[in-house]
Amino acid sequence: MAPATQVNSNAWTGLAAGLAVEELETELLLEALFQRYGHEFRGYDRAYLRRRLGDAMRGHGATTLSGLQEKVLHAPAAASALLRMLAPQPVDLFENTGHTQRLRTVLAPSLRAWPLPRVWLAECAGVGEAWGLAIVLAEEGVLGKLDIHATLANEELVAEMQDAWLPVAALDAAQTRYAASGGHAALSTYFEVRDGQARLQPQLRRRITWSQYSLVTDASFNEFQAILCCGALSDFGPVLRQRVLRLFHDSLARFGVLCLDRPLAVSDAYAGRYQAIEGDRPWYKRVG
């Protein structure tokens, strides 16, 4: 009978070997996504990727990441499903009432100071985020002179967002959250309804420009008076996170507002050039 110490050593050796194989499979799968489809996830946080890829394996009936890679490389539908899983998950209209209140009390007053303000929703969490922002800014009197740029790395999702509809029942469910965030109208007045489906009124929809853009590979494309990235920064690895923070700094006007899904650390790129704004999410004003 082998000594207990030898058994434990063998177990640890086997575990380490298994983790090494999984890490190798992960790298190969991410490389395949980049080479085959042009989507770059190699700089993403590995814990985040393990969770998402584990969900994808179960969804496709794959027992290994190599098996998932085979499906992704040879079946476009499998690749599309995986890329959707790795994209920011869509939020419901007014899902976070505290955040919506801050749009009214922090973002809207800041935008009023600019003659032609532009807002960037980076890796936008679907029409729930974009349409909710447009409604709030319309109510706060700043939408008429505003451009909202909603970007996603996934071009397929961008196309869907440009012609998206929601079930009318989603408006009924959002009404309570909307009221809790400071809204006073009937939410349905902001929507056109057809065959049980609803979408934002054209005069509001026109203020939103949807486009494909990668935070990982693309350069700054405009100057913005506000940048909101409420669901992606925490998914990035440390090197990529600093790259994106430098990108935001290059794209944000001085005294513009930055909203993130995680607080800035002292060691983060340009952290000293921002002044924190108290609230339920990390909000900052660029002061340098």
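The values are calculated or read from the model by the stated rules, or taken from the named source; none is laboratory data. Keep in mind the model is a prediction, meaning the values are calculated, not measured. Quick reminder, even Gly has a Cβ in these numbers, built from the backbone with ideal geometry, and neighbours come from all protein chains shown.
See the values below:
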| read-out | value |
| --- | --- |
| From GLU129, GLU139, GLU123, residue being of a type in the set (D, E, K, R), at pLDDT 95 or above, under 23 Å from ALA179 (Cα atoms) and buried (at least 20 other Cβ atoms within 10 Å of the Cβ) | GLU129 |
| Pick from the range 253-286, criterion assigned to a loop (DSSP other than H, G, I, E, B) and in contact with a Gly (Cβ under 6 Å, 6 or more places away or on another chain), ranking: nearest to THR217 (Cα to Cα) | ASP261 |
| Residue list for the range 142-182, filter: more than 20 Å from ARG194 (Cα to Cα), crowded, with 17+ Cβ neighbours inside 10 Å and under 16 Å from the mean Cα position of the chain (by Cα) | ILE148, HIS149, ALA150, THR151, LEU152, ALA153, ASN154, LEU157, VAL158 |
| So ASP250, is it among the acidic types (Asp, Glu) and part of a helix (DSSP H, G or I) | yes |
| Test for ARG118: is it in contact with a Phe, Trp or Tyr (Cβ under 7 Å, 6 or more places away or on another chain) and within 16 Å of TYR178 (Cβ to Cβ) | no |
| Those residues of the range 1-51 which are at pLDDT below 85 and hydrophobic (A, V, I, L, M, F, W, C), in sequence order | MET1, ALA2, ALA4, VAL7, ALA11, TRP12, LEU15, ALA16, ALA17, LEU19, ALA20, VAL21 |
| Subset of the range 137-158 [among the hydrophobic types (A, V, I, L, M, F, W, C) and within 27 Å of ARG84 (Cβ to Cβ)] | ILE148, ALA150, LEU152, ALA153, LEU157, VAL158 |
| Candidates THR64, THR105, filtered to the one that is surrounded by fewer than 17 Cβ atoms within 10 Å (Cβ to Cβ) and within 25 Å of GLN225 (Cα to Cα) | THR105 |
| Scope the range 84-125; condition in a loop (DSSP other than H, G, I, E, B) and among the β-branched types (Val, Ile, Thr); matching residues | VAL91 |
| Some residue of the range 268-276 being in contact with a Phe, Trp or Tyr (Cβ under 9 Å, 6 or more places away or on another chain), crowded, with 19+ Cβ neighbours inside 10 Å and not acidic (Asp, Glu) | yes |
| Cβ-Cβ under 9 Å pairs, at least 6 apart or on other chains, the range 43-59 side farther than 16 Å from SER80 by Cα, far side surrounded by fewer than 16 Cβ atoms within 10 Å (Cβ to Cβ) and of a type in the set (Val, Ile, Thr) | GLY43/VAL239 |
| Residue list for the range 31-49, restricted to those being hydrophobic (A, V, I, L, M, F, W, C) and either within 13 Å of SER66 (Cβ to Cβ) or in the same structural domain as TYR213 (by TED's automatic domain parsing) (or both) | ALA32 |
| ALA226 vs. criteria under 22 Å from PHE255 (Cα atoms), surrounded by 22 or more Cβ atoms within 10 Å (Cβ to Cβ) and touching a Pro at 6+ places or on another chain (Cβ under 8 Å) | yes |
| Enumerated helices (runs of 4 or more DSSP H) restricted to the range 138-234, each holding at least 2 residues that are of a type in the set (Ser, Thr, Tyr) | 168-180 |
| Conditions (1) β-branched (Val, Ile, Thr); (2) out of contact with any strand residue (DSSP E or B) (no Cβ under 8 Å at 6 or more places or on another chain); (3) assigned by TED's automatic domain parsing to the domain that holds TRP131: number failed by VAL72 | (3) |
